[in-house]
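Data block below; observations after.
The values are calculated or read from the model by the stated rules, or taken from the named source; none is laboratory data. From a predicted model like this one, the values you see are computed outputs, not experimental measurements. Note that each Cβ is placed from the backbone with ideal geometry, even for glycine, and that neighbours are counted across all protein chains shown.
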Amino acid sequence: MSRVVGIGIQNFEKLIEESCFYIDKTDFIREWWENKDDVTLITRPRRFGKTLNMNMLERFLSIEL
């Protein structure tokens, strides 16, 4: 099966399960954690991956197995 670009996939788990290409933004978690801000406003252009980043963060911090 060839790998594809997961345009429009906003679910991190689905992106990984379907072996889609993904630009690794996990360093975002470290930066966010170390900043210790009360509020984080993520303003990026359209199609930049804001929802996917939030979903990745949710999966990373989730206690579900």
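For segment 1-42, a residue qualifies if it is under 13 Å from the mean Cα position of the chain (by Cα) and among the basic types (Lys, Arg), and the qualifying residues are Lys14, Lys25, Arg30. Considering segment 33-65, the residues that are farther than 20 Å from Gln10 by Cα and hydrophobic (A, V, I, L, M, F, W, C) include one that is modelled with the lowest pLDDT, namely Leu65. Of the candidates Phe12, Phe21, Phe28, the single residue that is under 16 Å from Arg59 (Cβ atoms) and in contact with a Lys or Arg (Cβ under 6 Å, 6 or more places away or on another chain) is Phe12.
Pairs meeting the criteria (first residue in segment 1-27 and free of Cβ contacts under 8 Å to residues at least 60 places away in the same chain and surrounded by 12 or more Cβ atoms within 10 Å (Cβ to Cβ), second residue among the basic types (Lys, Arg) and assigned to a loop (DSSP other than H, G, I, E, B), beta carbons under 7 Å, at least 6 apart or on different chains) are Ser19/Arg3; Cys20/Arg3.
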